1. Quick one: 258, 181, 115, fewest Cβ neighbours within 10 Å first, how do they rank?
2. Pull out the extension gain between residue 200 and residue 51, defined as 0.36 nm times the separation in residues minus the alpha carbon to alpha carbon distance; nm, one decimal.
3. Provide 138, 120 in ascending order of the number of other Cβ atoms located within 10 Å of each residue's Cβ, fewest first.
4. Between residue 209 and residue 122, what is the label-to-label distance in nm when each label sits 7 Å out along the Cα-to-Cβ direction?
5. Looking only at 188, 101, 44, which one moves most when the chain is put into a Gaussian network model with springs between Cα atoms under 10 Å?
6. So, in nm, how far is label residue 109 from label residue 320 when the simple model puts each one 7 Å beyond its Cα toward the Cβ?
7. Mind ranking 148-157, 70-79 by how tightly packed they are, going by the mean number of other C-beta atoms within 10 angstrom, highest first?
8. Full-extension gain between residue 313 and residue 145, please, as 0.36 nm times their residue separation minus the C-alpha to C-alpha distance.
């Protein structure tokens, strides 16, 4: 029987550990960057990938710089045009990975910029999966390496189709030009990266420090559970600090304090997950706020900050359970 995850889908495509309340904060954040997000339906066959034509980059030619892109000349290709402008030497991007990237998008025949992340100073993190992102990105970025700058011309077939994207001012006949700086990629084998922190308190669980993508061990001591929230670094990363209103991309494993039995895990499912800290149980929101990206964190959640006497139906969690998590913060979204 397939294990039921505590993470359930919500309209914005985020997930939640069964927290109460609405999803407005996360929804508005997810909708603020609509341009590469997938249209409602996408059933086109894989495209033929060609190397042009593509308009020139007239300024901002370095990786990480906001580019200026000329207007397209002549008719764009009916195929997906993809060219690596700067070849990176990092990890290879695979389909279904989450990619972190800065990007600019404009319309071929007008050079109208409809979206860019450079001005927001916040890279996009999105999964290269059907239904999550337009097919032009999914096919165009797969196989590229992190550190690469990729330019693409995406016809409507692999963009927003004949409906376009009215919110972004994109018509159903528009070919879209993107410049994408691929900063990082994450998948089910991703782990925390940082400095191990000594685990000296014998009254707390000991968490494994392996960073090979496998689930870390969590050894529960034969002691009474703490009555207050515990949120300690196991591995301290050097990335950005997570704020209370942020969303994060994580690997995690959850076990019961009283038995050490696993009840939920991204490792077991072979899939990362993302969520807003306002959407999860208070123990997660409070425990991850202030922690750095790249870290592994031990979180011990007393019932009052977890599910209390109302655990999710079908989760296997008993009333008033103390929950123990190892959480790898891979990225801030």
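1. Values: 258 12, 181 26, 115 22.
With the sparsest Cβ surroundings first, the list reads 258, 115, 181.
2. Working: separation 149, 0.36 × 149 = 53.64 nm, distance 5.63 nm.
In short, 48.0 nm is gained.
3. Details: 138 23, 120 12.
Ordered by Cβ neighbours within 10 Å, fewest first: 120, 138.
4. In this crude spin-label approximation the distance works out to 3.4 nm.
5. 44
6. Each label point is offset 7 Å from its Cα along the Cβ direction, giving 7.0 nm.
7. On the way: 148-157: 23.1, 70-79: 14.6.
Ranking the peptides 148-157, 70-79 by packing returns 148-157, 70-79.
8. Values: separation 168, 0.36 × 168 = 60.48 nm, distance 4.23 nm.
Fully extending the segment from residue 313 to residue 145 adds 56.2 nm.
Taken together, the values in this text are just the output of simple stated rules run on the coordinates, not laboratory data. Remember, predicted model here, so these are calculated numbers, not experimental data. Every residue, glycine among them, receives a Cβ derived from its backbone with ideal geometry; neighbour counts consider all protein chains shown.
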